[in-house]
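Written out below as structure tokens is the structure these notes cover.
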Amino acid sequence: MIFRLPYITALISIALSVTLFFLFEYFSPRDSVLPGEGYAVLAVGEAENDRFIREILEREGIYNVISESSQIIQIYDFGGFRAVQLDNFHNEVAYFDPRDTGFAAKLTDFFVHDGMRFFFIPLEGLAESTAASLNNRLEAIFYGIPFSVSRWEQEPPFLLYFTLFTLGCVFTFIFSRSKRLFFYQLPVLLAMGWGGFSTAILAALLCGIWELLREPLRELLTSSRNEGSALYYAGTGFAGLLERLKPFRKNLFFSFLFLCFIVIFFAFVSFPFLPVITACLFFFFLNFMAFQVEKEKLRESSRVPFIPVLFFPVRTRTFSLFPFLLPFASISLFALSLPLLFPGFSPHHESGVLINPAYFVSAEDHYRHFAFQRSFPYRSLNYPAASSLFYPFYTHGDLRYYLGSDGLIAGRFTPIRPFVELPPFPLEKLIEFLLDYDNRPAARAVGNTMNTVDWISVLIIFTVCAMDIARPRGLPKKKIPVFRDKRIAA
């Protein structure tokens, strides 16, 4: 009994859905930071010793950690420049020293604020690619030191979306006009639900194609039983195929548009290619298998369908996208509206303690500080050191005098100042990363109100449903094509 085609198809459907589930689980964009990219943030209490923490990390093979003690401040030292460690800055430079531009204090606040001390761990070359795995490693080396590890892991609430997706599958099955055929697609649709919000739109488009192709494929299947008959209405060969598909021209046209829209949508949302193309292939393969089951049942049936003979053109509905697509369109709209309905809702989370953007340091701060130090010998001390670079230099601060033979000043000259190259901003890569991932959730968050592509997609699906409602119904009581109604027509 289990080797009958319906049972084999059901088992294939389950096997394909399990495969697809793991593909979406592995490739879905739960983490916007790829392994080996970006930084993890280690936060400890403000009172912990910065250098001691760095020594612990280096003993465990975690190098190039960026923290307060790793930073160097360049100051003018009356004849040249001197590098001063940030955590030792005010032991070298007094608070009232005019060379203190305030940059050191701003840089310190970036690493130490709100009662926490922050260390930035480069993920390049690090085996641990998630905050949880890195946290487990650090727990083994930090004895009695409270800490937390955070990564910019933007993970949507997949359980919520999967629940909504399941409801969409259930109601789509209820609204289906051919539940026996659609039944084999359900496991694959459910597996797609683990891919998050975007797969709800993919499911709606695939279901739309399924509904559009259902009647043409069924007509080809049913009519093929009579192809050898002399009274067969369509004839044979390619011309006969076109004749049989003539009532379904709109179906084929709209199914092509739906297929194109799948390609366009996932090109814009940058969803991983492999699970999407696999889902489409599995879906269409199971559609083929479902019709093979229908063909098997037709072959085993003792009733032979009659050949229709048409005496007049018949206009009838060959597809019905409403309310079939309504469930997936509705859950997509609900997911998009969650931030509007609940302002505190965020479809992403960032694990652990994050850095307040108010403490970010810019490259401009760095270059302004160095430019001040370079011009310090030529500045008036009447202006505070922390002031901007636009205060005037000494009126004659860049002049030198030479003495004549009588020992008196004989003239003046302008010396050539030695060129000092501006050092690169050492935190440029880190700050760019923090700025990028501080702004990225607003641009990429699934369900965010500013995600234009998602809104347009859902709007198109609702528009298709609305157009289907407004479409002329033809014969009001005729719900199936005449070619599938194999009763005697004359």
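The values are calculated or read from the model by the stated rules, or taken from the named source; none is laboratory data. Note that the structure is a prediction, hence the values are computed from the model and not measured. In this analysis, Cβ positions are derived from the backbone assuming ideal geometry, glycine residues included, and neighbour counts consider all displayed protein chains.
Residue-wise test of (1) more than 27 Å from ASN135 (Cα to Cα); (2) at pLDDT 70 or above.
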residue	(1), (2)
ILE331	yes, yes
PRO347	no, no
SER351	no, no
TYR359	no, yes
SER362	yes, yes
ARG368	yes, yes
ALA371	yes, yes
ARG374	yes, yes
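Assess whether TRP194 counts as being more than 24 Å from PHE261 (Cα to Cα) and either outside any strand (DSSP E or B) or modelled with pLDDT under 85 (or both). Spelling it out, it is not the case that TRP194 is more than 24 Å from PHE261 (Cα to Cα) and either outside any strand (DSSP E or B) or modelled with pLDDT under 85 (or both).
Report yes if some residue within the stretch 32-41 is closer than 30 Å to PHE288 by Cα, under 39 Å from the mean Cα position of the chain (by Cα), surrounded by 13 or more Cβ atoms within 10 Å (Cβ to Cβ) and modelled with pLDDT under 90; otherwise report no. No, every residue in the stretch 32-41 fails to be closer than 30 Å to PHE288 by Cα, under 39 Å from the mean Cα position of the chain (by Cα), surrounded by 13 or more Cβ atoms within 10 Å (Cβ to Cβ) and modelled with pLDDT under 90. Of all the criteria given as (1) over 20 Å from the mean Cα position of the chain (by Cα); (2) modelled with pLDDT of 85 or more, the one not satisfied by ILE307 is (2).
Which of (1) modelled with pLDDT of 80 or more; (2) farther than 30 Å from GLU296 by Cα; (3) under 21 Å from the mean Cα position of the chain (by Cα) does PHE27 not meet, given it meets every other one? Answer for PHE27: the failing condition is (1).
Filtering LEU241, LEU274, LEU231 for residues that are in the same structural domain as PHE165 (by TED's automatic domain parsing) and modelled with pLDDT of 80 or more leaves a single hit, LEU274.
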